[in-house]
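Just below is one structure, and these are the notes that go with it.
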Amino acid sequence: MNQPFTVVDCVWFQDIFNFLKSNSLTKFKVKHSTWFTDHCMSMYQIRRNNMISYFKNISARVSFTTDCWTSPNMIAFMGITAHFVDDEFKLKNLLLDFIPLEKKHTGEYLADKVLTSVTEFGLEERISSITLDNASNCVKMIKELKILLLSKGIPFSEKQGLRCFDHILNLAVQAFISDIEPKRKSKGAAVPLEGVS
């Protein structure tokens, strides 16, 4: 069950916690929800600064993956992950950024968000590739990213924008299923697909 930090401020939560505390030797006071928010943001900033320092000390080129989605409470996000081989020849996969998207997901807007994030980590000159899905705004994002990087004198080619094979495969399977589904329904729901057990 996912709950916001503000759940600790609810009377019923306080009552449950006080009951459990009264039956325990533990002396722990429930913090206010803002403490949890502040603590999480503080920990996030420490980790982010550590990652920025880490990237300054390695020489690897970095491949990125990015995807956008909307949460159940209708907040849109973009995740950016970094993939590289470190100086000890170990493959590393790190969540670089998790960005709330506040505008329409145009290619220009997404390119700006990606470049801002990559630049904050000092990686704008070490982009090896960016893997993304086949959405038209992602194709436009790569074109816009090329323009932005070239304007800074950083070489970048649209060929560095790679399509996600998993996404392509998923689209192909969905197209196949949508083609056979009407045939199954016309024969009746109990008719199994040939060769499928």
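Only the coordinates and a few stated rules stand behind these numbers; no lab work does. Nothing here was measured: the structure is a model prediction, and the numbers come from that model. Note that we place each Cβ from the backbone using ideal geometry, even for glycine, and neighbour counts take in every protein chain shown.
Annotations
- Residue-averaged [θ]222 nm for the chain, counting only DSSP H segments that reach four residues, each worth -39500 (n - 2.57): -15500 deg cm²/dmol
- Point-to-point label distance, Thr37-Trp69, nm (Cα→Cβ direction, 7 Å offset): 2.5
- With 18 Å as the limit, the listed pairs Lys113/Lys146; Lys92/Lys143; Lys103/Lys140 have Lys92/Lys143 beyond it between alpha carbons.
- Loop-located GluC sites (Glu not before Pro) in the range 23-108 whose Cβ has at most 16 other Cβ within 10 Å (DSSP): Glu88, Glu102
- Among residues other than Leu96 with Cβ under 13 Å from its Cβ, the summed charge is +1 (Lys and Arg +1, Asp and Glu -1).
- Each Lys or Arg adds one and each Asp or Glu takes one away; over the other residues whose Cβ falls under 12 Å from the Cβ of Leu123, this sums to -1.
- Rounded, prolate or oblate (a/c below 1.5 giving rounded, otherwise prolate when a/b exceeds b/c) for the chain by Cα gyration tensor: oblate
- The longest stretch of the chain left intact once loop-based chymotrypsin sites (Phe, Trp or Tyr not before Pro) with at most 15 other Cβ atoms within 10 Å are removed from consideration, loops following DSSP, is 90-197.
- Among beta bridges that DSSP assigns inside the chain, antiparallel share in %, nearest 5: 70
- Given 13 as the ceiling on other Cβ atoms within 10 Å, longest exposed-site-free region of the chain for trypsin sites (Lys or Arg not before Pro) in DSSP loops: 105-151
- For the chain, modelled as a GNM whose springs connect Cα atoms under 10 angstrom apart, the maximal fluctuation among Val11, Val62, Val114 occurs at Val11.
- For Leu162, the amide hydrogen comes within under 5 Å of the amide hydrogens of Ile130, Thr131, Leu132, counting only partners 5 or more places away or on other chains and with H modelled in the peptide plane.
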